[in-house]
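Read through the structure below, which is laid out as structure tokens, and then see the notes.
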Amino acid sequence: MRKKLLALSLAIVGAAIVCNAAWALIAAPPPGPVRIVNSDAVFVGRVTAIEPQDVDAKQFPGAKQTVKYRIAVVTISQTIRGLKDEKTIRVGFVPPVPPKPGVPITGGGNRSPQLQAGQDGLFMITKHAEGKFYQAPGFGYFVAAQDKNFADEVKLAKKVVVILADPLTALKSKDSEERLLAASIQIGKHRTQKPPFNNKQEPIDADESKLILDALLASKWQPGRFGDPANAYQIFAQIGIGPQDGWKSPAKVKDIDEIRQSVLAWLRDHPGYRIKRFLTQGEKQ
């Protein structure tokens, strides 16, 4: 059973899609709250043009080589987070390299959205390290207006921004779903590494840590499903609690709730445990 539970969880982490009649493995996007938290700007807009000249730039700090970015000019119709008076913005994306004739696509990874003039949608973007343009970091960071989940994604983005302004209040809410969403947001913020990786860690505030754990452990645990905005089991997995903290997942379980019960028992023996956050480069402990 444990293998089945693991398989269900991994299915969320890596989803397979068909591309040009060949299989290409594309990493499933993080849950919506995590995408919003880790974006510098979130807005609804339209791609009005593609610049005629590609731009050479490194994909991440410390990269030895540059790649060609195609630049989309996007008109902003509704700002949700991170922008002020901007009316248009430049969004870069790396176009795929055409495969050789007769050679199947075998690559994978977190491919960035491929934008085209005339597209409307929700953009979740970050500043490029060199500051010349923004970029959508991966699959799922652009939701087309015709997508069946578009309205829900926009609604969720707005709710996440409200909670980000006062997460502790949301973690204390009487609404269990709001508490779980707040826990997902805070874990997304604390437990996401940014380049250069292997970030140092430090414990977060003890009261906040307890509120997050309480929200997770009071929720129903179930296998993750693609598109879940907040799933207690998946959120817990992001925290990184393991043997180094004196906790070991039970070897045999009938359902995921037995793991939750195991965590509750572990926490009773480790009342002083505090969730850790990743520090960005140069940030002091």
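Derivation of every value follows stated rules applied to the coordinates shown; laboratory data play no part. Nothing here was measured: the structure is a model prediction, and the numbers come from that model. Heads up, the Cβs are rebuilt from the backbone with ideal geometry, glycines too, and the neighbour counts pull from every protein chain shown.
For the stretch 207-277 and the stretch 142-185, write down the distance between their C-alpha centroids in whole Å.
That distance is 21 Å.
May I have the convex hull volume per residue, in Å³, for the Cα set of the stretch 159-278?
Details: hull volume 15.0 nm³, N = 120.
Enclosed volume per residue, from the Cα hull, is 125 Å³.
Which of the lysines could be linked to LYS148 by a straight reach, that is with a Cα gap under 22 Å, when you skip same-chain ones fewer than 8 residues away?
Partners found: LYS158, LYS159.
Cross-link partners among lysines for LYS210, C-alpha distance below 18 Å, same-chain residues fewer than 8 apart left out?
By straight Cα distance, LYS210 reaches LYS172, LYS174, LYS189, LYS220, LYS276.
If you keep only loop residues by DSSP, which trypsin sites (Lys or Arg not before Pro) in the stretch 188-274 have at most 14 other Cβ atoms within 10 Å of their Cβ? Don't skip to the end; give the middle numbers.
Values: sites: LYS189, ARG191, LYS200, LYS210, LYS220, ARG225, LYS248, LYS252, LYS254, ARG260, ARG268, ARG274; in loops: ARG191, LYS200, LYS220, ARG225, LYS248, LYS252, LYS254, ARG274.
Passing both the DSSP loop test and the Cβ count: LYS200, LYS220, ARG225, LYS248, LYS252, LYS254.
Return the aspartates and glutamates within reach of LYS132: Cα separation strictly under 12 angstrom, same-chain partners fewer than 8 residues apart disregarded; answer none if there are no such residues.
ASP56
Going by how many other beta carbons lie within 10 Å of each one, how would you line up LEU156, LEU168, LEU115, fewest first?
On the way: LEU156 20, LEU168 13, LEU115 23.
Neighbour counts put them in this order, fewest first: LEU168, LEU156, LEU115.
Taking N as the number of residues in the stretch 40-140, what value does Rg over Cα atoms divided by 2.2 N^0.38 Å take?
Values: Rg = 14.2 Å, N = 101, 2.2 N^0.38 = 12.7 Å.
This ratio for the stretch 40-140 stands at 1.12.
For labels at THR66 and ASP120 in the simple 7 Å Cα→Cβ model, what's the distance in nm?
3.6 nm
May I ask you to compute the full-extension gain from SER77 to SER262, defined as 0.36 nm times their residue separation minus their alpha-carbon distance, rounded to one decimal in nm?
Working: separation 185, 0.36 × 185 = 66.60 nm, distance 4.79 nm.
Roughly 61.8 nm would be gained on extension.
Can you list the trypsin sites (Lys or Arg not before Pro) in the stretch 52-91 that are in a DSSP coil and have 11 or fewer other beta carbons within 10 angstrom? Each step should come with its number before you reach the end.
Details: sites: LYS58, LYS64, LYS68, ARG70, ARG81, LYS84, LYS87, ARG90; in loops: LYS58, LYS64, LYS84, LYS87.
Hits after loop and neighbour filter: LYS64, LYS84, LYS87.
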